[in-house]
Amino acid sequence: MPVTVVLGALWGDEAKAKIVDALAENMDAIVRFQGGCNAGHTVVHGDTTYKFHIIPVGILYPDMICIIGNGVVINLERLLEEIQDVESKGIYLADRFFISSQAHITLPIQTYLDELGEKLSGNQAIGTTKSGIGPTYSDKAARLGLRMGDLLDKEYLKYRLSNLINNKKDLLGSWLENISLEDSVEMLYEIGIQLKSFISNTPYMINNMIKENKDILFEGAQGTLLDIDFGTYPFVTSSNSTIGGALIGTGINPRSIHKIIGVMKAYFTRVGNGPFPTELHDEIGEYIREKGHEYGTTTGRPRRCGWFDAVAARFSAMLNGFDEIALTLLDVYSGLDTIEICTGYTLGGLEMDEYPVDTRLLQKVQPSYISLPGWKEDISSVKNFDDLPENARDFIRTIEDLLGIPIKIISVGAKRSQTIFR
Ligand code: IMO
Ligand code: MG
């Protein structure tokens, strides 16, 4: 059975791209299925660092088929920039890069509305990446959205764009004064001509590959705790970053999935606002941020850092059915005297068995911790599990026990070679 899904298990930025890249070697195709340019996927090859927001990271392998599924939202300008960027590095896309004709488009209207919405929300702002994600998925649900396939028919494009604009007139006000429907249609149609060879009927394409028993890797964006349904609402993204999103965003059925890998960091991070029970506001948090380069790929914002939260991780594992865990950024912990892991929450003195679905409760819980001894050794060139310091192995085994899931991949650095497979 050919599909392996790699999902972020936390609040995004789990180094999913590094894991996807390390696994890609044995794959025939890589598929993105949700999110858009809010994703910041970094891969280091040799001395070169590549940052992707929309194109699947598998594009770095010359023969890999790379697909943007129907569940992804696409900012055309950013897509064209990224295409140009990879082509300028000698990476060719012809006959191996495909975009779903059903994927929705993020227009400047939606990017503007994202910024405006954050401004109007004041102290209730989400702290979005301002990539237009929320408004694009809202318009998709409101049936106002434009899709990639619409770019190929000028008349229909005009028909759909005029409807979108008419529906937004009151909200957009004077912003619309500088927008001409005719010019916008011309511009979008031009872009459609440029992208025509990529726009495809991807549900058939993916299912045909499955029939042919090809190995396909699904590259998740964001993370489980940012899922629109199961995350820390309203401090979430606007797509399903849990396993269901992988089906909805591609058109496959659950029986095609062979393996689900959850990517977790050895510690937790979050960008933007929202509850974070194990957040560290001290020099250890600072140490993790600096050593782990915990600054946003998309926005450059410093990420909030905290201890590993096994309650949240267990919740994430329950929702997604992880077969195995990839534990990343373990090298960042080298040098600490003790490492804490949150194993439970209490609220008003009472122990909680479940991860609270009410974000206001999550705001108030008291995490309880176990302390493990740290290790001093630099582990960034360790290749085998048995060569890790004993305390690092204990840390890994403790997390396995807490989650009841094997940790089969351990990442000790950004490079592909800095990966331990167990
Ligand atoms: P990758 O794929 C981390 C966060 C934003 C904000 C919230 C909503 O790199 O792991 P949005 O722009 O989606 O409306 O913002 O979600 N967020 C991410 N945080 N990694 C990401 O992607 C994220 N994508 C969105 O910071 O809190
Ligand atoms: Mg990121």
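One table, with the values for the structure above:
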quantity	calculated
Only listed residue being at pLDDT 95 or above, within 16 Å of ligand 2 (Cβ to nearest atom), more than 17 Å from the chain's Cα centre (by Cα) and surrounded by fewer than 24 Cβ atoms within 10 Å (Cβ to Cβ), chosen from P254, P277, P302	P302
Close pairs from segment 153-167: first without any contact (Cβ under 8 Å) to a residue 12 or more places away in the chain, partner in a helix (DSSP H, G or I), Cβ under 6 Å, at least 6 apart	Y156/D150
Hits in segment 25-50 - residues which are buried (at least 19 other Cβ atoms within 10 Å of the Cβ) and either outside the structural domain of N75 (by TED's automatic domain parsing) or at pLDDT below 95 (or both)	G40, H41, V43, Y50
Count of residues meeting criterion [surrounded by fewer than 18 Cβ atoms within 10 Å (Cβ to Cβ) and either modelled with pLDDT of 95 or more or among the aliphatic types (A, V, I, L, M) (or both)] in segment 62-77	1
Complete set of residues in segment 115-133 that are crowded, with 23+ Cβ neighbours inside 10 Å and more than 16 Å from ligand 2 (Cβ to nearest atom)	G132
Condition check for M187: buried (at least 21 other Cβ atoms within 10 Å of the Cβ) and either assigned to a helix (DSSP H, G or I) or at pLDDT below 95 (or both)	no
Test result for T49, in a strand (DSSP E or B), more than 11 Å from ligand 1 (Cβ to nearest atom) and over 18 Å from G249 (Cα atoms)	yes
Where a residue in segment 307-324 is outside any strand (DSSP E or B) and its partner, wherever it lies, is of a type in the set (D, E, K, R), with Cβ under 7 Å and at least six apart	W307/E340; D323/K259
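The values are calculated or read from the model by the stated rules, or taken from the named source; none is laboratory data. In this text the structure is predicted, and so the values were computed from the model without any measurement. Glycine also receives a Cβ, built like all others from the backbone with ideal geometry; neighbour counts cover every protein chain displayed.
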